Structures are given as structure tokens and as C-alpha cells.
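**Student:** My questions all concern the structure below.
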Amino acid sequence: MKEVMREPDLARAARLFSSASRARMLKALCDGRPLAASVLAAEAGVSVATASVHLGQLVEAGLVLVKHSGRHRYYRLASPEVAVAMEALAVIAPTDATPVTSLRVSSRENALRRSRTCYDHLAGSLGVTLMGAFLDQGLLTGRTTDTAPRVIADRPASYGKDVEYRLTADGAERFRAFGVDVDGLSGARRPAVRYCVDWSEQRHHLAGALGAAVTARFFTLGWLRYGVSPRVVHLTDKGRRGLVESFAVTVAD
């Protein structure tokens, strides 16, 4: 009997996202790095035992993968698409109306908006600034006078596909000189150039194989360092100088 492709079970996915504890853990895993259950429990504000139950459900659903290392377990997102889904939900989700009364929470929220990882590529103000610079300098193309309004207006629709960005010949040359394996992008399992609608900036940031490669290069060069909180990254002094020299991008303090 021929196997019939069934529709995605959106209700099941929604149930998994609907738990505040699971949502916090998934957001932390959007850092892109494997995290221990104890770290994820702290992020969710629950005990390690409770976190393990939630993580078991996410693993069973195929949203999260687990790796054993001795007595410890480390969890990571199963694919970049999970991070894309989280970022998309953040775009349409209502803002938490709880007043921020802690300096620590305020500092973390500001840091997330300034620069963070969206799985394996840059997001936040830094990510959006870079995307704009790549377009303005002709390294990427796809934003014209006619499509510019849609760059903002297409937030919930056809995530990462409504506007087609492409790597130009000049862009390929510049990124190749920067140390990115541009030729290898075409052999990646995902499109070379995609975008995410940044939830905090309401603009596009660069995703896809190119976004991941550029971000990885930034870390290799010491332009970025991870923050204390998951997902938060900081631009180093070396990175500030490098962005000016390589891409004529100046980032405000």
C-alpha cells in the first residue's frame, strides 16, 4: 500500500511550545550550542528533574537532540528550522507586560536586542545592521524600491521566502577574500542565502549557509565572544575595528 504524506501536526507542536518552561528552554537552545540540563533548568526556573521531563518530551517530538557524555546529557536543537520557528513566533507573540524591576534582567534584555545568535547566525541590532550594509554595498541583492516596503510588511508570511536575496559576484569575491568558503555554500543542505524577520528589530537579518559561515568567521577571528547568558554575544574591540576595515560598518556602543 502506498504511503500517504500526512499534514503536519501543528496542534502537537503548539502544545510543546505552549509550556512556558519548554519555551524558555527552547529559546536558550537557540544559542546554537549544546547545553546541559542543569543550565536549561536554570533558564526555565524549574528543577533539573522537571527540566528533564520537559526535555524528554522535546526529544521525543524530534525538536531537540540529546548527547550523552559520561554522566551528563547535553541538549541542542535538532535543526535550524526549530530556531526559525521560535524567531517567527517571537515576531507575532505579545510582549511580556511584566515590569522589569531587576537590573540583571534589564541588562540581559538589552544585550539580547543588541546582538544574539539565532541558532548559528547573527540576530539583533548587529545582525540587522550587517544585513543592511551587505545590501547597500551590493554584496547581496534583492531589495529594490518596489520590494523595500515588503521587507518590513511581510513579517508573518512565508518565513524567509517572501523576498529573494541573492549573493552578487562582488559579494562572492568580498566574502571569499574575507575567508568564507563561498564555493562550498552551494553544496550546503540549506539555501546559501535566507533571512529571518528579526523579532526585536522588525527587520531582516541574514540566515542560511552564508549567514552561518560569516558568523563562524567572526568567532574564528575573535570579533565575537559569547556572553554569560545563552544566545547573547558581544562584539569585541577587535571586531569593531574589523567591521570598519572589512565592511565599512560602524557599530555604536
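The values are calculated or read from the model by the stated rules, or taken from the named source; none is laboratory data. Values in this document were obtained by computation on a predicted structure and should not be read as measured data. Ideal geometry is used to build each Cβ from the backbone, glycine not excepted, and the neighbour counts take in all protein chains shown.
**Student:** Please work out if A20 is modelled with pLDDT under 95, within 23 Å of S229 (Cβ to Cβ) and surrounded by fewer than 18 Cβ atoms within 10 Å (Cβ to Cβ).
**Tutor:** Numbers: modelled with pLDDT under 95: yes; within 23 Å of S229 (Cβ to Cβ): yes; surrounded by fewer than 18 Cβ atoms within 10 Å (Cβ to Cβ): yes.
Taking the combined requirement at face value, the residue satisfies it.
**Student:** Something else: Could you pull out the residue among S186, S158, S229 that is within 18 Å of S125 (Cα to Cα) and at pLDDT below 90?
**Tutor:** S229
The rows are residues; the columns are (1) of a type in the set (D, E, K, R); (2) in contact with a Phe, Trp or Tyr (Cβ under 9 Å, 6 or more places away or on another chain).
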residue	(1), (2)
L35	no, yes
A49	no, no
K67	yes, yes
A88	no, yes
R104	yes, no
R113	yes, no
R116	yes, no
V128	no, no
G138	no, no
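**Student:** Given the residues V197, V214, which is the only one that is in contact with a helix residue (DSSP H, G or I) (Cβ under 6 Å, 6 or more places away or on another chain) and under 25 Å from T168 (Cβ atoms)?
**Tutor:** Step by step, each of V197, V214 is checked, and only V197 is in contact with a helix residue (DSSP H, G or I) (Cβ under 6 Å, 6 or more places away or on another chain) and under 25 Å from T168 (Cβ atoms).
**Student:** Looking at (1) closer than 21 Å to W199 by Cβ; (2) touching a helix residue (DSSP H, G or I) at 6+ places or on another chain (Cβ under 8 Å), which is the one condition that is false for R73?
**Tutor:** Tallying (1) closer than 21 Å to W199 by Cβ; (2) touching a helix residue (DSSP H, G or I) at 6+ places or on another chain (Cβ under 8 Å), R73 fails exactly one: (1).
**Student:** I've got another one for you. List the helices (runs of 4 or more DSSP H) that sit entirely inside segment 165-253 and contain at least 1 residues that are on the phi > 0 side of the Ramachandran plot and surrounded by fewer than 16 Cβ atoms within 10 Å (Cβ to Cβ). Working first, answer last.
**Tutor:** Working: elements: 169-178, 182-185, 208-220, 237-247.
Helices (runs of 4 or more DSSP H) meeting the threshold: none at all.
**Student:** Follow-up question, since we're still on this one. Which one of these is in contact (Cβ under 8 Å) with a residue 12 or more places away in the chain, of a type outside the set (D, E, K, R) and more than 12 Å from E201 (Cβ to Cβ): L130, L126, L140, L112?
**Tutor:** L140
**Student:** Quick check on R24: is it basic (K, R) and part of a helix (DSSP H, G or I)?
**Tutor:** Here the answer is yes, as R24 does meet what is asked.
**Student:** Turning to a different aspect of this structure: What are the residues in segment 103-121 that are of a type outside the set (G, A, S) and either more than 21 Å from G242 (Cα to Cα) or at pLDDT 95 or above (or both), if any?
**Tutor:** Hits for segment 103-121 are L103, R104, V105, R108, E109, N110, L112, R113, C118, Y119.
**Student:** Could you list all residues from segment 204-224 that are of a type outside the set (A, V, I, L, M, F, W, C) and over 11 Å from the mean Cα position of the chain (by Cα)?
**Tutor:** At the first step, the residues of segment 204-224 found to be of a type outside the set (A, V, I, L, M, F, W, C) are 204-205, 208, 211, 215, 217, 220, 222.
Hits for segment 204-224 are H204, R217, T220, G222.
**Student:** If a residue must be of a type in the set (G, A, S) and out of contact with any helix residue (DSSP H, G or I) (no Cβ under 9 Å at 6 or more places or on another chain), how many such residues does segment 52-61 contain?
**Tutor:** 1
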